[in-house]
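Right, one structure below, let's go through it.
The values are calculated or read from the model by the stated rules, or taken from the named source; none is laboratory data. Note that the coordinates shown come from a computational prediction; the quantities given were computed from them, not determined experimentally. Quick reminder, even Gly has a Cβ in these numbers, built from the backbone with ideal geometry, and neighbours come from all protein chains shown.
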Amino acid sequence: MRRITVLNGSVNRKGNTQYFIEEILRGIPKEIDRQFFFASDYMFPLVYKGLYDPEYSRKVAGDNIYSLQESILESNLLIIASPVYMHNISSNLKLVIEKLSTWSHILRLDGKPVVVLSTCSTNGDTTVTSYLCKVISTMGGNIIANCNANGFQLHDEVWLNDVTNKIRSKIICSIGNSLQSNYYIEEVFKGMKLIMNDRIGSDVPNSFAEEESTYWVKSGLINYDSFQKFLDDKYNLK
Ligand SMILES: Cc1cc2nc3c(=O)[nH]c(=O)nc-3n(C[C@H](O)[C@H](O)[C@H](O)COP(=O)(O)O)c2cc1C
């Protein structure tokens, strides 16, 4: 069954951000499963030994972030959303993103379609949406929609209907489609490949870093000239 994973950075589980997300999902066919996660459930502090651990060999006991990681990786589409708190994403969501930071060195989202959402009262939203788009793309996620709703817009039925319809149709279009790279992801891929070419064989054995360079070798990523070709061989042509 196809599945959407939703990660909401708000501290309010029934707040504006959840409302915006649910308005979008309301018209999505029931056969598409959805799983909701709140960043506030993943507040175990960041532990150095848990970073750069794509193989999960150094799992931090007591941290439940791994189940969230698994759900994101197994889903067909990710919705990541944050309210604007002091002109930025919520600190809860930032903590989760920091725990996922190794994904930015291995493009772990593998072209997964991603919707970025934010809500605010009046301002600060471009900082939030542009930041989320940037980190998700750096992790290899393909942004298919990116939208903020302020307090007035959330209560404006015409605006809300129009925007949620547009985002919904992008979701429905992307969820069954082949996985796509884009210009930004290709630039990240080229840069990381240069770095990994240097690191393979020279990263300290059994170090955090070696897990990342080993991932590039084991996944075959290092042998590709474009990320799109990697996605085609791994998923699209199967
Ligand atoms: C700690 C905090 C800081 C906020 N900072 C901003 C801000 O910088 N700009 C803004 O427009 N709204 C700000 N707001 C308002 C929220 O972004 C807005 O109400 C949002 O829709 C809340 O979403 P939620 O109900 O899902 O938490 C702030 C709210 C809180 C609680």
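Annotations
- Boolean, residue 132 is within 16 Å of the ligand (Cβ to nearest atom) and part of a helix (DSSP H, G or I): yes
- On inspection, residue 179 fails the criterion of being touching a residue at least 24 places away in the same chain (Cβ under 8 Å) and within 16 Å of the ligand (Cβ to nearest atom).
- Subset of region 187-225 [surrounded by 14 or more Cβ atoms within 10 Å (Cβ to Cβ) and over 17 Å from residue 108 (Cβ atoms)]: 200, 203
- Taking region 8-34 as the range and being in a loop (DSSP other than H, G, I, E, B), closer than 16 Å to residue 160 by Cβ and near the ligand (Cβ under 8 Å from one of its atoms) as the test, only 15 passes.
- Answer residue from region 103-125, given it is closer than 19 Å to residue 166 by Cβ and of a type outside the set (A, V, I, L, M) and is nearest to the ligand (Cβ to nearest atom) among those: 119
- Only one of the listed residues (71, 82, 101, 118) is of a type in the set (Ser, Thr, Tyr), in contact (Cβ under 8 Å) with a residue 24 or more places away in the chain and in contact with an Asp or Glu (Cβ under 9 Å, 6 or more places away or on another chain). That residue is 118.
- Residues of region 78-102 satisfying the condition of being buried (at least 18 other Cβ atoms within 10 Å of the Cβ) and within 9 Å of the ligand (Cβ to nearest atom): 81, 82, 83, 84, 85, 90
- Considering residues of region 135-165 that are away from the ligand (no atom under 16 Å from the Cβ), in contact (Cβ under 8 Å) with a residue 12 or more places away in the chain and assigned to a helix (DSSP H, G or I) only, the residue nearest to residue 15 (Cα to Cα): 165
- Being closer than 18 Å to residue 114 by Cα, of a type in the set (Asp, Glu) and touching a residue at least 12 places away in the same chain (Cβ under 8 Å) holds for only one residue in 33, 53, 41, and it is 33.
- Taking the numbered list (1) free of Cβ contacts under 8 Å to residues at least 40 places away in the same chain; (2) assigned to a helix (DSSP H, G or I); (3) farther than 26 Å from residue 76 by Cα; (4) not aromatic (Phe, Trp, Tyr) in turn, residue 209 passes all entries but (1).
- Region 35-72 - residue that is loosely packed, with under 14 Cβ neighbours inside 10 Å and in a helix (DSSP H, G or I) and, of those, modelled with the lowest pLDDT: 49
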